[in-house]
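Visitor: This is the structure I want to talk about, given as structure tokens.
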Amino acid sequence: MEKAIVAYFSASGVTAKVAERLARVSGAELFEIKPEQPYTEKDLNWTNPVARCNREKIGRKDVPIKDRIEDFDGCGVIFVGFPIWYYSAPNIIVTFLKSYDFTGKKVALFATSGGSDIGRTAEKIRPLISGSVDIVASKLFKPADGDDVLAEWAESIA
Ligand SMILES: Cc1cc2nc3c(=O)[nH]c(=O)nc-3n(C[C@H](O)[C@H](O)[C@H](O)COP(=O)(O)O)c2cc1C
């Protein structure tokens, strides 16, 4: 298998757990996509129209990211994980995908959610990304999905 990285954003830890297991079963490196300004509970309260999450969504704002992946060039497969926000990927994922040159690399999206599917997320975010990002797969995982399910998916891509 080509060298792989599991890069993930997780606001409340659910996607982080799946990402950690995916990295373990696939032998990939793990990288947390962290916002420069961490999200507080208030920031994530989507029932408040002026909460940060809603302002970012409506304003289509980029979300500045702390740290970069060190050996990005040496890696062929990037698994990108996130929670579903507003039936799509959080803006920080678009910022992440705009921050590197993915030419010649495979990108596979995975997500967790409160019930929505990952559906057309790849199609929705593609027009927002400058540069060529080849999204080869998208998969929603449930926290109860076993390591065997994660491993099988990783193998189908790498
Ligand atoms: C701002 C915001 C928007 C969300 N939008 C959706 C949604 O559209 N559909 C859904 O099923 N869950 C939605 N959720 C719930 C998260 O996708 C779900 O709780 C996820 O597993 C959290 O992952 P995390 O702990 O890695 O952040 C939303 C959560 C937040 C904070």
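Visitor: Mind listing whichever residues of the range 1-43 are touching a residue at least 60 places away in the same chain (Cβ under 8 Å), in contact with a helix residue (DSSP H, G or I) (Cβ under 7 Å, 6 or more places away or on another chain) and among the charged types (D, E, K, R)?
Guide: Result: R21, single match.
Visitor: Which of the residues belonging to the range 131-156 are closer than 14 Å to I93 by Cβ and either surrounded by fewer than 16 Cβ atoms within 10 Å (Cβ to Cβ) or hydrophobic (A, V, I, L, M, F, W, C) (or both)?
Guide: Those that are closer than 14 Å to I93 by Cβ and either surrounded by fewer than 16 Cβ atoms within 10 Å (Cβ to Cβ) or hydrophobic (A, V, I, L, M, F, W, C) (or both): V133, I135.
Visitor: Just name the residue that is nearest to the ligand (Cβ to nearest atom) out of those in the range 29-43 that are among the acidic types (D, E) and surrounded by 11 or more Cβ atoms within 10 Å (Cβ to Cβ).
Guide: D43
Visitor: Just for the range 44-64: of the residues that are part of a loop (DSSP other than H, G, I, E, B) and surrounded by 11 or more Cβ atoms within 10 Å (Cβ to Cβ), which one is nearest to the ligand (Cβ to nearest atom)?
Guide: Looking at residues that are part of a loop (DSSP other than H, G, I, E, B) and surrounded by 11 or more Cβ atoms within 10 Å (Cβ to Cβ), I get W46.
Visitor: Out of the residues in the range 85-94 meeting the condition of being assigned to a loop (DSSP other than H, G, I, E, B) and under 9 Å from the mean Cα position of the chain (by Cα), tell me which one is nearest to the ligand (Cβ to nearest atom).
Guide: Looking at the filtered set, the residue picked out is P90.
Visitor: For S113, state whether it is within 16 Å of the ligand (Cβ to nearest atom), in contact (Cβ under 8 Å) with a residue 24 or more places away in the chain and in contact with a helix residue (DSSP H, G or I) (Cβ under 6 Å, 6 or more places away or on another chain).
Guide: no
Visitor: Surrounded by 14 or more Cβ atoms within 10 Å (Cβ to Cβ), part of a helix (DSSP H, G or I), more than 9 Å from the ligand (Cβ to nearest atom) and without any contact (Cβ under 8 Å) to a residue 40 or more places away in the chain, is that true of L97?
Guide: Against the criterion (surrounded by 14 or more Cβ atoms within 10 Å (Cβ to Cβ), part of a helix (DSSP H, G or I), more than 9 Å from the ligand (Cβ to nearest atom) and without any contact (Cβ under 8 Å) to a residue 40 or more places away in the chain), L97 qualifies.
Visitor: Sticking with this one: Only residues that are aliphatic (A, V, I, L, M), in contact (Cβ under 8 Å) with a residue 60 or more places away in the chain and within 16 Å of the ligand (Cβ to nearest atom): list them for the range 65-84, please.
Guide: V80
Laboratory data are not the source of any read-out in this text; all were calculated from the coordinates shown. Values in this document were obtained by computation on a predicted structure and should not be read as measured data. Methodologically, a virtual Cβ is constructed for each residue, glycine included, from the backbone with ideal geometry; neighbour enumeration extends over all protein chains shown.
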